Amino acid sequence: MPDSRTCQELQEGLGALFDCSMQGDYHRIRTPYLYPDGDVIDVFWKVEGDAVRVTDLAETTGWLSMQSASPRRSKSQTSLIEDACLTHGIEFHRGMLQARCRPGDELVNVVTQVAKAALRVSDLWFTIRARAIQHIADEVAGFLDKQDIGFKRDEKLVGRSGCGWKIDFQVRTPLRSSLVQVLTTGRRAAARRVCEHALAAWYDLSHLEAELEEWTFISLFDDTADVWTDENFRLLEAISRIARWSRPDEFAAALIEAP
């Protein structure tokens, strides 16, 4: 079956939200699925003999590695990727998610499965980020203990939209109470998204700061990695107080001093 006809029938089978076009030696399918940072998940296919190979060309694992401070995948991450591939009936080979099939209706299903596997693998970003936050949060908790500053971790608060938010620390001192959100990532590419999440939380919880004058919102940047830009800081400084983990004494002062 000619490639152009296969591409047309494939798009008809997948629906209008998918787009099939030629890119180099492969046909690229733009899917409606997105990586956690909003990038589109692409899947590629090429006729090889009597079969069609469908692959993400390692774009998913490449994207995932860009979100981690470590250049190498851990054994547990590799195991989770292999589990995701097994669930969707595809192969994990040399960093690629891939499968082979015959042209026709079977190709539609394989393309969908590879795309869904890519989506599931990309969700490992949330696990990586959660572990990074936990590590820094443990350091912050140890610092607050040494400073004899009372705090509660993982406070769950409801915003004016009705959405629930988990804030890393609620700190109470004689002169003020503060909500502290820790911002950490190992990659500059993810910094904007991390800041936007904090911005959404502070905006939705802003009624607390307005109702209780002694409350302060503090965005604590883990600047031990050089990933933050001036734009990242400006994004949050209008709605929260900016603190840097490399300057713990200034962070402590922000928690203790009078409003």
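The values are calculated or read from the model by the stated rules, or taken from the named source; none is laboratory data. As the structure is a computational prediction, the values presented were derived from the model and not from experiment. Quick reminder, even Gly has a Cβ in these numbers, built from the backbone with ideal geometry, and neighbours come from all protein chains shown.
At-a-glance table
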| item | result |
| --- | --- |
| Residue list for the stretch 140-186, restricted to those being more than 16 Å from Ala254 (Cα to Cα), surrounded by fewer than 15 Cβ atoms within 10 Å (Cβ to Cβ) and in contact (Cβ under 8 Å) with a residue 40 or more places away in the chain | Arg160, Ser161, Cys163 |
| Residue within the stretch 10-24 that is at pLDDT 85 or above and under 25 Å from the mean Cα position of the chain (by Cα) present | no |
| Hits in the stretch 172-188 (condition: of a type in the set (Gly, Ala, Ser) and not in a strand (DSSP E or B)) | Gly186 |
| Single match in Ala191, Ala198 (criterion: part of a helix (DSSP H, G or I), within 20 Å of the chain's Cα centre (by Cα) and at pLDDT 90 or above) | Ala198 |
| Exclusive hit being assigned to a loop (DSSP other than H, G, I, E, B), under 29 Å from Arg193 (Cβ atoms), modelled with pLDDT under 90 and of a type in the set (S, T, N, Q), set Ser68, Ser79 | Ser68 |
| Criterion: modelled with pLDDT of 80 or more, hydroxyl-bearing (Ser, Thr, Tyr) and over 29 Å from Trp228 (Cβ atoms) - qualifying residue of Thr61, Thr55 | Thr55 |
| Where Ala253 falls short, out of the listed (1) touching a residue at least 12 places away in the same chain (Cβ under 8 Å); (2) of a type in the set (A, V, I, L, M); (3) out of contact with any Pro (no Cβ under 8 Å at 6 or more places or on another chain) | (1) |
| Unique match (being in contact with a Phe, Trp or Tyr (Cβ under 6 Å, 6 or more places away or on another chain) and β-branched (Val, Ile, Thr)) among Val180, Val158, Val227 | Val180 |
